[in-house]
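Engineer: Below is the structure I would like to discuss, written out as structure tokens.
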Amino acid sequence: MDPECARLLPALCAVLADPRQPVADDTCLEKLLDWFKAVTDAGSSLLLLQENPCLVELLFHVRKPQDLSSRILSFALRLAGTFAAQEDCFQYLQGDPSLFVASAAGQLLVHILDLAMRGPAEGRGPAEGRGRLQARDWPACARRIVCHLEDCLCSEAAPRVTQALHVLTTAFGHCHGLWTQGLWVQLSPLVARLLEKDPVPAPHALVELLLSVARSSVLSSDPGLWETVAQTLSHLSPMQAGPLAAGILKLQDCPQALRIQAFGVLLRPLACVLEAAAQAPGTPGLLEGAAGDQMAVDTLPPSKSVCVGLLCSTLAHLELLQPLPQRPSPWPQAPLLAAAVTILRFCNGSAAPSSELGGHLCAMLVGCVRVQRAALDFLGVLSQGLGPRELVTQVFAVLLEYLVSPDSSPTVLKKAFQATLRWLLGSAVPPSCCDLEPHAQLVLRELLAVLQKRLCSPCWEVRDSGLEFLTQMTRHWGGQATFRQALLASEVPKLASQLLQDPESYVRASAVAAAGQLSSRGLHAAPSSPEHPAGPQKTPLEELLLVLTTDSEGFPRRAAMRVFTEWLRDGHVAVAEDRERFVARVLQAASGDLDWEVRVQGLELALVFLQQLLGACGPGAAPPCALAQALRALCRVQLFEFAFRSLFDCDRPVAQKSCDLLLFLRAKAAPSGSPQEAGESPDVAPVEAALRRWRAGEQGQPLGELAPEAILAVLRSLDLEALRDTLAESSDHVERSPQSLLQDMLATVGVLGDNEADCY
Amino acid sequence: MKLYCLSGHTTLPCNVLKFKSTTIMLDCGLDTTSTLNFLPLPLVQSPRLSNLPGWSLKDGNAFLDKELKERSGHVFVDSVPEFCLPETELIDLSTVDVILISNYHCMMALPYITEHTGFTGTVYATEPTVHIGRKRLLPSPLKDAVEVSTWRRCYTMQEVNSALSKIQLVGYSQKIELFGEVQVTPLSSGYALGSSNWIIQSHYEKVSYVSGSSLLTAHPQPMAQASLKNSDVLILTGLTQIPTANPDGMVGEFCSNLALTVRNGGNVLVPCYPSGVIYDLLEHLYQYIDSAGLSSIPFYFISPVANSSLEFSQIFAEWLCHNKQTKVYLPEPPFPHAELIQTNKLKHYPSIHGGFSNDYRQPCVVFTGHPSLRFGDVVHFMGLWGKSSLNTVIFTEPDFSYLEALAPYQPLAMKCIYCPIDTRLNFIQVSKLLKEVQPLHVVCPEQYTQPPPAQSHRMDLMVDCQPPAVSYRRAEVLALPFKRRNEKIEIMPELADSLVPMEIKPGISLATVSAVLHTKDNKHVLQPPPRPAQPTGGKKRKRASDDIPDCKVQKPLLSGSIPVDQSVQALERHGFSDIKVEDAAKGHLVLLREAETLIQIEEDSTHIVCDDDEVLRVRLRAWSSSSFRSSEGKARATSTSLDPCVLHCSCQPPAEEGKTRSWRVSGSRNKESAFEIPSQELQPEPPSLPSRHCLRRALSLYT
């Protein structure tokens, strides 16, 4: 601890201990705690306490019953935990109604338990049965804690049970000593007994505990554990058991029978949905044998909100599970697809179930946006596995229904677009991967008709997601003949280009991206709005330059810069015609932009240009003649003025980017003493003078004409590395020092005092 | 209470409610969908329509071939459209006292009812309803056409004016007394300018009539829900006709398709009514056209009432939603269509002649009527634009099937888009509303009690309430499932003075009342009984008049229910034999066959009917006093004393309406109609059976 902080500490401790001087902000206490952790990690905490007796005083002080705020109490407990200090105040504290205090007390208990148990258990030799300490051998304080936990677990009061389960979850989650085995052996019967109660108390906490135990390498070998988990799976309601089942399936290692059971739990709601939608009984379901009306009635809750919650969480669990390597195998791709499609059909009212359950489910789900979103996300993830042809046809059909329906909410529509894109990508014919399957080609035509309408939607979110979808489609299939034909035959390119004038800036940004992509592929429409039917037609480049120079909002300008960078990188036709002129125009616009992201993008484009001139690959210097040519070109596009100015940009990312750019150039330039420079020493004085002015914050002066030699000389004279290091420090590094924190806290207390005085 | 259902149409209802002694017609809707069976009525002779082949019956009979024409497999009537009237035979419409109109859609049959049925009552409606409804009563081309004499079913302008003259304007929450018996109150229903729901209530009963209501934020005043609470019966009509279409989504669809068409150089035709949803559509378009880059596209609104419709909407401040009301007091107009008009983006014309043909410029958007495509300027535009696939017709009104509307124009090249915008309540909103206002019973058209036939699995598309809604269909008479239990009766001060209440348990005091019931203008008053001039010498009569005060003081008052078993045992103890107990609808009948006596024990009354046999009466009295006393504190003071002139009134009218009417003395409700029960009827010594009935009837009237 530095002396300045040590000087401030006593005053701060006095403030914290004084209930009349409330600390305004929890976050400073958190920061303070972080700092103490850092200090104790770095050195001996005993020494720290000896050197700063005020800390000990503070800890003693909080033990006295008084009007301290719970946040200070919580802070002191955690500080005490950090110092591994006194333990005898924890028990009366643990029942504190404040969540923070309870949680802190819980953590402290775990901490103490760990300290108490680790010593004796690990002190034993292997012959004595390491780790398997008998309960009677536990230290007194550990015995007290365990006793307390046992009492809680047997309690009828759900909050006490929850608390005990939380403490155990923390213990098994954070401590991996062998002693935890003993603790689990001691307490697991009590945990198992919780299942005998109806309803099971604190089901969420129980699930967390079991998962924490199952993840612990020390405990997962216990066969009793898996038995308890299996029992829990069957005892809890589908809603409560879902997280446990998902957690089990994510485990690397667990009994196969349990995995099957867990997967069954997860699949059951979907199996019920399939069952409810089945036109005739006996349709193959998701779960063999288990299906049946009764199961469906048991599984699907009659209340709408609970049923919706269950389906959403089930779909989310399965969505997370799908890409994992340890996901259940065989993965029931086809029934899952059918279930997702069925749910979507229930939600839009197009399912026509004949059963009573189906009718009930339909009434609950119809128009439910939450389930629609979850099901569309899940359907999108399933695109990685494909499925039988007729099901894929159904998938596209239901996606189209959603895209066409006027009732689809904007968020649902966005998800529908995303899922459609994923399925179209999944449908690419394997060898070339750019041709669509025939049925996907059919879908494409309908998609374009939908897109056409969606681009005219009065809802900007819809126009926006429509444009994003168009950009993605063009990126993937812009070279494919069927797609090109269909797109050019539609109004879509024209509408997209009209949206460059959209009143909503997000839409304009997406329209810029779409225009860039369409133009790259030669699919850009000649713009003609009904406003100016006979107006002069602009090229895409001119249109986007117009956006860059005139749009009042940042998003469209940033999008234009991204498009330009991509065009330069990919050698777009319009760029290739006169690359230098293109770069010069874009840089001129970007360098004066008020939006720092546009300026960063400008520097990115400059870097791409530089790489193209000098060759990106390899760290070595460029050949001298190439360098000279490049430097002349860079001077012509006025890259240096932009880059040097940016070094002192008030926005750090701009300065960093510029630094990187110049460092790249310096690395490419020949080492000093190269033939170009040897002849005469260039006049760098004006440049350096300008740099000084810019550093001082004067922005007005232009740099004027620059000689390539002068540039190189300035580059070498600049300490770019030092500048980079300074920039790499976060801008608030001064503000984040512990000294500053202590000063701030004291200052706030002072201010509070003043305010108090003012009141009178 | 009865409901006569004259129309089965869900959104164009016409029901008659008999409530107490009033006859109230609820709405007067005219089903105009029948017009779809007729050929369009062009402004000028259309060779395309007139040259259609005639249609003859399969047997070759061609007697109708002048009238029936065939087009694209459909047969149409080639004449002026006729409408489907509400039932006129189900109830004598001349007895209707008042007609309550909820919105301007639901008054189109008014002239038929008021002018041709002997109707002499009053029609109640709000001002905007009348103003807008007046414009709609006659579809414009019919109004201006020459051959008025050929109309067989459509009313004349004269009839319209006569019908309108019977309307009395009312404001929201205004209380209107009907014959001192029933009070009706219009409440804002949120659907259209001036649209109302109605509360019909007496002192103890409340019927709510919900017709065409909306919870969406649109131009009218929001729906007043709270006042619908505590209804005994809620009659629910006028829900959305397109429950699966969400109005917001449809407006989006409308805008998208409009923009798409116009951007391609096509014209858009919107067949619509001249008021209502069009105000909201114009507001959406106002926000949309600039953003969609369509500000140079002209919007034309062609209707004989376009001008007044747009202007009325601006001045009916009191009827607008709060947001728009505040604008009335600012320099800016409440509806943005005023600005559209000022900036020349929206132009309105009474017809396609004159100004319009000079200004007409393509591509454009035209709003015009009639949505059935059978008459109005829309017929002209269908002919003009139907041939080009660039043009689009967008249907927004849900009243007509768009496919049927289009049938006589087939084959058609122009694009057809169906975006029905119906802002009326959907079933989710209804179920929330019913949960909130909690009526005891819901009555609705039968269509609402089952899913739509085409979507039989959509259990969500029906009214879901407990107890299940009572449904009605056209030409059905419904006895409403609700029992009138109480009637308010005033007691004259001098009579009230003479009452001596006795506390039978803490907080409850009872007194016996002997009085004459006097009814005038449906108000009931208990007056002191006239003192008989001279005692007639009869022992009982004397006691009847003189002993009452003593009785009041001495006689214990009884309350609670009578334990039948104990009573029967007590009868046996008093020497009665051959006792038979029967369960009756509302209690028990105890038959003393030997004594030829009937004891009727009901929840709130007990009657003993016996012969004029003093010995028997004494035995019975002895039994009753011991039996009832033994259950004192349980039995309520509802037992009928055998004393002739002392009647114990529990102020409960008879449950059945038929009986109520039977003791209402005269049909004229303005004349005084005091009702005194002839004293003979109260004689406990009826010589023969008929008078026993009289006694029972009199007693039942009074209890």
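Engineer: Between residues in the stretch B:251-263 that are acidic (Asp, Glu) and residues that are assigned to a helix (DSSP H, G or I), which pairs lie under 8 Å by C-beta distance while being six or more apart or on different chains?
Structural biologist: Final answer for the pair search is B:Glu253/A:Lys453.
Engineer: Among helices (runs of 4 or more DSSP H) lying entirely in the stretch A:431-532, which contain 2 or more residues that are surrounded by fewer than 18 Cβ atoms within 10 Å (Cβ to Cβ) and modelled with pLDDT under 90?
Structural biologist: Working: elements: A:438-454, A:460-477, A:481-489, A:492-498, A:505-520.
Of the helices (runs of 4 or more DSSP H) lying wholly inside the stretch A:431-532, those with at least 2 residues that are surrounded by fewer than 18 Cβ atoms within 10 Å (Cβ to Cβ) and modelled with pLDDT under 90 span A:438-454, A:481-489.
Engineer: While we're here: Examine the stretch A:704-720 for a residue that is more than 29 Å from A:Pro19 (Cβ to Cβ), surrounded by 15 or more Cβ atoms within 10 Å (Cβ to Cβ) and at pLDDT below 75, and state whether such a residue exists.
Structural biologist: Among the residues of the stretch A:704-720, at least one is more than 29 Å from A:Pro19 (Cβ to Cβ), surrounded by 15 or more Cβ atoms within 10 Å (Cβ to Cβ) and at pLDDT below 75, which makes the answer yes.
Engineer: Using the structure shown, decide if A:Arg692 is modelled with pLDDT of 75 or more, under 38 Å from the mean Cα position of the chain (by Cα) and surrounded by fewer than 18 Cβ atoms within 10 Å (Cβ to Cβ). Walk me through it before giving the result.
Structural biologist: Working: modelled with pLDDT of 75 or more: yes; under 38 Å from the mean Cα position of the chain (by Cα): no; surrounded by fewer than 18 Cβ atoms within 10 Å (Cβ to Cβ): yes.
No, not satisfied.
Engineer: Restricting attention to the stretch B:352-385, report how many residues are surrounded by 22 or more Cβ atoms within 10 Å (Cβ to Cβ) and within 14 Å of chain A (Cβ to nearest Cβ).
Structural biologist: 1
Engineer: Here are B:Tyr204, B:Tyr191: which of them is touching a residue at least 60 places away in the same chain (Cβ under 8 Å), part of a loop (DSSP other than H, G, I, E, B), closer than 30 Å to B:Glu490 by Cβ and not small (Gly, Ala, Ser)? Can you show your working first?
Structural biologist: Numbers: B:Tyr191 fails: closer than 30 Å to B:Glu490 by Cβ.
Residue meeting the stated conditions: B:Tyr204.
Engineer: Which ones in the stretch B:165-186 are outside any loop (DSSP other than H, G, I, E, B), in contact with a helix residue (DSSP H, G or I) (Cβ under 7 Å, 6 or more places away or on another chain) and of a type outside the set (Val, Ile, Thr)? Steps first, please.
Structural biologist: First pass over the stretch B:165-186, keeping only residues outside any loop (DSSP other than H, G, I, E, B): B:165, B:167-170, B:176-178, B:182-186.
Within this subset, residues satisfying the condition of being in contact with a helix residue (DSSP H, G or I) (Cβ under 7 Å, 6 or more places away or on another chain) are B:167, B:169.
B:Leu169 - this is the single residue of the stretch B:165-186 that is outside any loop (DSSP other than H, G, I, E, B), in contact with a helix residue (DSSP H, G or I) (Cβ under 7 Å, 6 or more places away or on another chain) and of a type outside the set (Val, Ile, Thr).
Engineer: Given the conditions (1) within 14 Å of another protein chain (Cβ to nearest Cβ); (2) basic (Lys, Arg); (3) more than 30 Å from B:Leu215 (Cβ to Cβ), report the number of the one that B:Lys435 does not fulfil.
Structural biologist: Unmet condition: (3).
Engineer: May I ask you to list the residues in the stretch A:300-323 that are touching a Leu at 6+ places or on another chain (Cβ under 8 Å) and modelled with pLDDT under 90?
Structural biologist: Across the stretch A:300-323, the qualifying residues are A:Leu300, A:Pro301.
Engineer: Continuing with this model, one more query. Restricting to the stretch B:432-475, name every residue that is touching a residue at least 40 places away in the same chain (Cβ under 8 Å), within 30 Å of B:Asp92 (Cα to Cα) and either more than 17 Å from the chain's Cα centre (by Cα) or not assigned by the TED database to the domain that holds B:Phe19 (or both).
Structural biologist: none
Engineer: If you don't mind, another one. Name the residues in the stretch A:343-363 that are more than 8 Å from chain B (Cβ to nearest Cβ) and not small (Gly, Ala, Ser), would you?
Structural biologist: Start the filter on the stretch A:343-363 by keeping residues that are more than 8 Å from chain B (Cβ to nearest Cβ), which leaves A:343-348, A:350, A:355-357, A:361.
Correct list: A:Ile343, A:Leu344, A:Arg345, A:Phe346, A:Cys347, A:Asn348, A:Glu356, A:Leu357, A:Leu361.
Engineer: Okay, next question. Do we find that A:Ala351 is touching a helix residue (DSSP H, G or I) at 6+ places or on another chain (Cβ under 7 Å) and under 17 Å from A:Leu274 (Cα atoms) in this structure? I'd like the intermediate steps shown before the answer.
Structural biologist: Numbers: touching a helix residue (DSSP H, G or I) at 6+ places or on another chain (Cβ under 7 Å): yes; under 17 Å from A:Leu274 (Cα atoms): yes.
Criteria met by A:Ala351.
Engineer: How many of the residues in the stretch B:381-402 are more than 12 Å from B:Pro371 (Cα to Cα) and part of a helix (DSSP H, G or I)?
Structural biologist: If we filter the stretch B:381-402 for residues that are more than 12 Å from B:Pro371 (Cα to Cα), which is where we start, we get B:381, B:383-392.
If we keep only those that are part of a helix (DSSP H, G or I) too, we end up with B:381, B:383-385.
Matching residues across the stretch B:381-402 total 4.
Engineer: Based on what the data block shows, is B:His322 within 32 Å of the chain's Cα centre (by Cα) and either within 13 Å of chain A (Cβ to nearest Cβ) or more than 16 Å from B:Cys364 (Cα to Cα) (or both)? Before the answer, list the steps.
Structural biologist: Working: within 32 Å of the chain's Cα centre (by Cα): yes; either within 13 Å of chain A (Cβ to nearest Cβ) or more than 16 Å from B:Cys364 (Cα to Cα) (or both): yes.
Yes; evaluated as a whole, the condition is true for this residue.
Engineer: Right, next: Out of all the residues in the stretch B:401-413, is one or more among the polar types (S, T, N, Q) and free of Cβ contacts under 8 Å to residues at least 40 places away in the same chain?
Structural biologist: Taking the stretch B:401-413 as the starting set, the residues that turn out to be among the polar types (S, T, N, Q) are B:401, B:410.
Checking the rest, the ones that are also free of Cβ contacts under 8 Å to residues at least 40 places away in the same chain come to none.
No - not one qualifying residue is present in the stretch B:401-413.
Engineer: So which of A:Ser354, A:Ser329, A:Ser408, A:Ser383 is modelled with pLDDT under 95, closer than 26 Å to B:Cys255 by Cβ and more than 22 Å from the chain's Cα centre (by Cα)? Quick ask: steps written out before the conclusion?
Structural biologist: Numbers: A:Ser354 fails: closer than 26 Å to B:Cys255 by Cβ; A:Ser329 fails: closer than 26 Å to B:Cys255 by Cβ; A:Ser383 fails: closer than 26 Å to B:Cys255 by Cβ.
Being modelled with pLDDT under 95, closer than 26 Å to B:Cys255 by Cβ and more than 22 Å from the chain's Cα centre (by Cα) holds for just one of A:Ser354, A:Ser329, A:Ser408, A:Ser383, which is A:Ser408.
Engineer: For the stretch B:231-309, which fully contained strands (runs of 3 or more DSSP E) count at least 1 residues that are more than 14 Å from every other protein chain (Cβ to nearest Cβ), within 27 Å of the chain's Cα centre (by Cα) and at pLDDT 90 or above?
Structural biologist: Working: elements: B:233-237, B:268-271, B:299-302.
Fully inside the stretch B:231-309 and qualifying: B:233-237.
Engineer: For residues that are at pLDDT below 80 and closer than 30 Å to B:Phe179 by Cβ, tally how many sit in the stretch B:50-102.
Structural biologist: Looking only at that region, the number is 0.
The values are calculated or read from the model by the stated rules, or taken from the named source; none is laboratory data. A quick note: this is a predicted structure, and the numbers were derived from the prediction, not measured. Neighbour counts run over all protein chains shown; Cβ positions are idealised from the backbone, glycine included.
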